[in-house]
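My structure is below; once you've seen it, I'll send some questions.
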Amino acid sequence: MRQNDPQVWTAVDEYAQERLIGPDEVLDAALAAADEAGLPQIAVAANQGKLLHLLALTRGARRILEIGTLAGYSTIWLARALPAGGTLTTLEIDPAHAAVATANLDRAGLADRVEVRVGPARDSLAQLIDQGAGPYDFFFIDADKANIPHYVEAALALARPGAVMVVDNVVRGGKLADPDSTDEAVRGVRRMHELLAGDERLDATTVQTVGTKGYDGFTLIRVADAAVED
């Protein structure tokens, strides 16, 4: 058995999912609806969704902001972590994707606690800031990587002290380490790392992952408990 074999990575994911997560008709239906609608198969894996769920629970999040909805698979995982009275806002640029997500959330019995906002995330974030919509306790950022630095900065403007952010798909198959990459997604996640390195209000680490989704990774960010004085 080769440790660098993607089939082994998938087998480990499936083993852990079977024992630690189990079957879930609602989540399976969400993925099936996404496939039927022709959406790209880029939702988080089940174990990654469970990780988001556990992180939100550990943070005690009452207000969550997600950037990048797709079919609402990760949205369901996160919304299930909310306590009574908790809310989640998720931002999706594609109206067709948002329609699938809305139906999935309704089927999951979560429509009363989730707001799906349709439009470019930069515009939606600006609106949330103008509306004084914060503070949020937890953020999941899983949208176009070229704009990731902007999304992190906007999230910081909406964050409660001590808030947690998870940014997905940042390793890019190892290309994160390539300073000469011309890929805008890679350049975006590299700029995000420079932003994190230079802002004392943010403490972060990036973790590489392998599994059913291949080789990638995520960045975990914590907002300082209080604003740092200049």
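Treating each Cα of the chain as an identical point scatterer and ignoring solvent, apply the Debye formula and state log10 I(q)/I(0) at q = 0.08, 0.10 Å⁻¹.
The calculated log intensity ratios at q = 0.08, 0.10 Å⁻¹ are -0.28, -0.45.
Given GLY60, VAL44, THR90, which one lies farthest toward the positive end of the charge dipole of the chain, if we put +1 on the Cβ of every Lys and Arg and -1 on the Cβ of every Asp and Glu?
Checking the options against the dipole of the chain, the answer is GLY60.
I've got another one for you. Ignoring everything except DSSP H segments at least 4 long, calculate the 222 nm mean residue ellipticity for the chain; use -39,500 (n - 2.57) per segment, divide by total residues, nearest 500.
-13000 deg cm²/dmol
Mind checking which of LEU110, LEU20, LEU70 has the largest fluctuation in a GNM of the chain, springs on alpha carbons under 10 Å?
Of the options given, LEU20 has the highest mean-square fluctuation.
With a 1.4 Å probe and all protein chains left in place, how much accessible area per residue does the chain have, in Å²?
Per-residue accessible area for the chain comes out at 50 Å².
Cα centroids of segment 173-210 and segment 94-142: how far apart, whole angstrom?
Rounded to whole Å, the Cα centres lie 25 Å apart.
Between LYS175 and THR205, what length in nm is gained on full extension when 0.36 nm per residue of separation is reduced by their alpha carbon distance? Numbers along the way, then the final one.
Working: separation 30, 0.36 × 30 = 10.80 nm, distance 1.68 nm.
Between LYS175 and THR205, full extension yields an extra 9.1 nm.
Now, a different point. Which percent of the accessible area of the chain is formed by carbon and sulfur heavy atoms (probe 1.4 angstrom)?
In the chain, the share of accessible area belonging to carbon and sulfur is 51 percent.
Can you list the GluC sites (Glu not before Pro) in segment 184-230 that are in a DSSP coil and have 11 or fewer other beta carbons within 10 angstrom?
Of the GluC sites (Glu not before Pro), the ones in loops of segment 184-230 whose Cβ has at most 11 other Cβ atoms within 10 Å are GLU200, GLU229.
The values are calculated or read from the model by the stated rules, or taken from the named source; none is laboratory data. Only a predicted model underlies this, so the values are computations on that prediction, with no experimental measurement involved. Cβ sites come from the backbone with ideal geometry, for glycine too, and all protein chains shown count toward neighbours. The area values use the complete protein model at the heavy-atom level, side chains included, leaving out ligands, DNA and RNA. Shrake-Rupley method; radii C 1.70, N 1.55, O 1.52, S 1.80 Å.
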